1. Do any residues in segment 130-150 that are within 18 Å of residue 203 (Cβ to Cβ) have Cβ atoms under 6 Å from those of residues that are assigned to a strand (DSSP E or B), where the two are at least six apart or on different chains, and which pairs are they?
2. Let me confirm something: among 50, 13, which residue is open to solvent by 70 Å² or more (accessible area, probe 1.4 Å), without any contact (Cβ under 8 Å) to a residue 12 or more places away in the chain and part of a strand (DSSP E or B)?
3. So, of the residues in segment 90-126 that are outside any loop (DSSP other than H, G, I, E, B), polar (S, T, N, Q) and more than 10 Å from the chain's Cα centre (by Cα), which turns out to be nearest to residue 207 (Cα to Cα)?
4. Consider residue 40 against the criteria (1) open to solvent by 60 Å² or more (accessible area, probe 1.4 Å); (2) at pLDDT 95 or above; (3) closer than 19 Å to residue 91 by Cβ: it satisfies all of them except one. Which criterion is unmet?
5. In this structure, is residue 30 at pLDDT 95 or above, within 22 Å of residue 126 (Cα to Cα), loosely packed, with under 13 Cβ neighbours inside 10 Å and touching a Pro at 6+ places or on another chain (Cβ under 7 Å)?
6. Criterion first (under 16 Å from residue 107 (Cβ atoms), out of contact with any Asp or Glu (no Cβ under 8 Å at 6 or more places or on another chain) and not small (Gly, Ala, Ser)) does residue 154 satisfy it?
7. From (1) open to solvent by 60 Å² or more (accessible area, probe 1.4 Å); (2) touching a strand residue (DSSP E or B) at 6+ places or on another chain (Cβ under 6 Å); (3) not in a strand (DSSP E or B), pick out the condition that doesn't hold for residue 6.
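The values are calculated or read from the model by the stated rules, or taken from the named source; none is laboratory data. A quick note: this is a predicted structure, and the numbers were derived from the prediction, not measured. Note: ideal-geometry Cβ built from the backbone for every residue, glycine included; neighbour counts use all protein chains shown. All accessible areas refer to the heavy atoms of the entire protein, side chains included, with ligands and DNA or RNA removed. Shrake-Rupley method; radii C 1.70, N 1.55, O 1.52, S 1.80 Å.
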Amino acid sequence: MADWIPAEVTKNRHWNSDLFSLVLRANIEPFKAGQFTKLGLEIDGKMIQRAYSFVNPPSSDDIEIYATRVADGLLSPRLHALKEGDTVFISARANGYFTLNEVPDSEHLWLLATGTAIGPYLSILREPDVWRRFRKVVLIHAVRYAADLSYQAEINELKAQYPDQLIVQPFVSREPAPLAMAGRIPLAIADGMLERHIGLQLSPKQSQIMLCGNPDMVRETKAVLESMGFVKNLRRKPGQITMEHYW
């Protein structure tokens, strides 16, 4: 059972017709960047809940989650409709191991995401540890349409703050988009296009890779990376691939 406490909605930012970010205030326990919480609403006498990663860094007083409205979903349409001053339930205690302290040291850190799975990376990137530990940080965000590329102001702020360290590369699969690569992440890695495009080599000796998002992307990208000599990162046997399915 989740340890539910009430959270007040202070903002509900609609990026487009389905993507939205809830900003909340609640007295939750401390968490690590990359972890997730649970949000819930009582619907027809039952607590309907779902896990959502923190977008905000642990140092922020605001709690922020990034989500998409699923038309036939029980919870997400109701979260999408929440207004300032409304109440939603949140788990007081965070969970998850998709955190930087689980990732071995290396020269380069690659953060690969689809859709709303960019959320935990935004939390990680707004903490100082990542910039102390890695010489280069590559943020890859794949979406279907250019309008799905949310948080551009925050990403541009990070680029301005860490111009020599941060490399950002969006993918847009269903329409041409300025500065975005076409197609899908696994194929762009398999044919070397991603490395050529950004000018940085994927190497087991130099690279740590975090995968988060659509299970197909995570599975296919892992397979491509394994064919290049990368191995899954385990506590008992450190490797280079750290994964989270975001479904």
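1. The qualifying pairs are 134/109; 136/108; 137/109; 137/166; 138/110; 138/167; 140/112; 140/169.
2. Working: 50 fails: without any contact (Cβ under 8 Å) to a residue 12 or more places away in the chain.
On inspection, the qualifying residue turns out to be 13.
3. Taking segment 90-126 first, the residues outside any loop (DSSP other than H, G, I, E, B) are 90-91, 95, 100-102, 108-125.
Next, from what is left, pick out any that are polar (S, T, N, Q): 91, 95, 101, 114, 116, 123.
Those left that are additionally more than 10 Å from the chain's Cα centre (by Cα): 91, 95, 101.
Values: 91: 34, 95: 26, 101: 16 Å.
The residue in question is 101.
4. Here residue 40 clears every test but (1).
5. yes
6. Numbers: under 16 Å from residue 107 (Cβ atoms): no; out of contact with any Asp or Glu (no Cβ under 8 Å at 6 or more places or on another chain): yes; not small (Gly, Ala, Ser): yes.
Considered against the rule, which asks whether it is under 16 Å from residue 107 (Cβ atoms), out of contact with any Asp or Glu (no Cβ under 8 Å at 6 or more places or on another chain) and not small (Gly, Ala, Ser), residue 154 comes out as no.
7. (3)
Residue-wise test of (1) of a type in the set (Asp, Glu); (2) under 20 Å from the mean Cα position of the chain (by Cα).
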| residue | (1), (2) |
| --- | --- |
| 9 | no, no |
| 13 | no, yes |
| 26 | no, no |
| 29 | yes, no |
| 38 | no, yes |
| 43 | no, no |
| 46 | no, no |
